[in-house]
Amino acid sequence: MFNLFKKSSSLEKHVHPSVPKHIAIIMDGNGRWAKQRRMPRVKGHYEGMQTVKRITRHASDIGVKYLTLYAFSTENWSRPEDEVNYLMKLPGDFLSSFLPELIDNNVKVESIGFIDQLPDHTKHALLEAKEQTKYNSGLKLIFAMNYGGRKEIVSAVKMIAADYKDDQLVLSDIDEKLFSKYLFTKHFPDPELLIRTSGEERLSNFLIWQTSYSEFVFENKFWPDFAAADLDHAIEVYNNRQRRFGGL
């Protein structure tokens, strides 16, 4: 596929007008990718992290401002213990090898989810990456770790109820704009484009409030096979959609 975008320097990104500001990705199919090749499932997760590096580089190059990746859901704890342990180890391995490049390319690491419930070594890797990149002003690379959309909404409702009880709010204050301020994503715009790999066509409890008006693109490739050209194609599909937000 031809190159849709001209790359700019790492510190001076010029956003092409057709590039969505915020892209969210459900990185699905690592285990099935490995199974097809008669490899352990963890090998699929390892290769998936290499794809994260490639897609992060490309997203930064073409001027994406926010890239949110569904790395580990609140439901993923039900997977086999050895697989969960490997997934909890991946952020540390990934960031230790990729963090210098992220810093050099002005990428800022962020996270959403119930981070305090992660193992200490996983949480430390995320917090250290966030600390070392906190002054970067380029792409915001947002990892959704121990994240669940329904649990996020319930948590927001509880916080609103507590503030109402403490007379911090009155009933008339509560609207969609205020509700959004109680979500993990309160500092980020809603994604314009959501991509899911592996051929599955569902949200799987990912950003269920924030994607109300997102465009969805479903890709048949497993995540380890997803390439920069596939991201370009998804953006091209996005740009061929008419986004009316309920209007004409």
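Taking Cα centre as origin and charging only the Cβ of basic (Lys, Arg, +1) and acidic (Asp, Glu, -1) residues, the dipole magnitude of the range 108-235 rounds to 260 debye. Each of Ile235, Leu203, Ile26 was scored by the projection of its Cα onto the charge dipole of the chain, and the greatest displacement toward the positive side belongs to Ile235; charges sit on the C-beta of Lys, Arg, Asp and Glu.
Report note on the peptides 127-136, 53-62, 161-170: ranked by the mean count of other C-beta atoms within 10 Å, highest first, their order is 53-62, 127-136, 161-170. Under 5 Å from the amide H of Lys108 lie the amide H atoms of Gly138, Leu139, Lys140, Leu141, each residue being 5 or more positions distant or on a separate chain, with H modelled from the backbone and absent for Pro and chain starts. Averaging the sequence gap over all C-alpha pairs within less than 8 Å and six or more residues apart, then dividing by the number of residues, gives the chain a relative contact order of 27 percent.
By its C-alpha gyration tensor, with a ≥ b ≥ c as the square roots of the eigenvalues, how is the range 153-215 shaped: rounded for a/c under 1.5, else prolate for a/b larger than b/c, else oblate? It comes out prolate by the Cα gyration axes. Each part gets one Cα centre, and for the range 47-103 versus the range 149-224 those centres are 20 Å apart. For Phe216, the residues 5 or more places off, or on other chains, whose built amide H falls under 5 Å of its own are Leu194.
Since only Ile103, Gly113, Val84 are under comparison, the one whose Cα sits farthest along the positive direction of the charge dipole of the range 31-117, derived from C-beta charges on Lys, Arg, Asp and Glu, is Val84. Charged side chains reduced to their Cβ positions (Lys and Arg at +1, Asp and Glu at -1) give the range 35-97 a dipole of some 300 debye around its Cα centre. Helical runs (DSSP H, four residues minimum) scored at -39500 (n - 2.57) apiece and divided by the length of the chain put the mean residue ellipticity at 222 nm at -13000 deg cm²/dmol. Using only Cα coordinates, the Kirkwood hydrodynamic radius of the chain works out to 19.0 Å. Placing +1 on the Cβ of every Lys and Arg and -1 on the Cβ of every Asp and Glu, with nothing else charged, gives the chain a dipole about its Cα centre of roughly 500 debye. Pairs of alpha-carbon atoms within less than 8 angstrom and 6+ residues apart define the contacts here; what relative contact order does the range 126-240 have, in percent? Computed value for the range 126-240: 24 percent relative contact order. Of all complete DSSP H helices in the chain, those with a Cα span along the helix axis of 30 Å or greater and a mean Kyte-Doolittle hydropathy of -0.5 or more are 81-104.
All of the numbers you see were taken from the coordinates with simple rules; none came from a lab. All values reported here derive from a predicted model rather than from experimental measurement. Ideal geometry is used to build each Cβ from the backbone, glycine not excepted, and the neighbour counts take in all protein chains shown.
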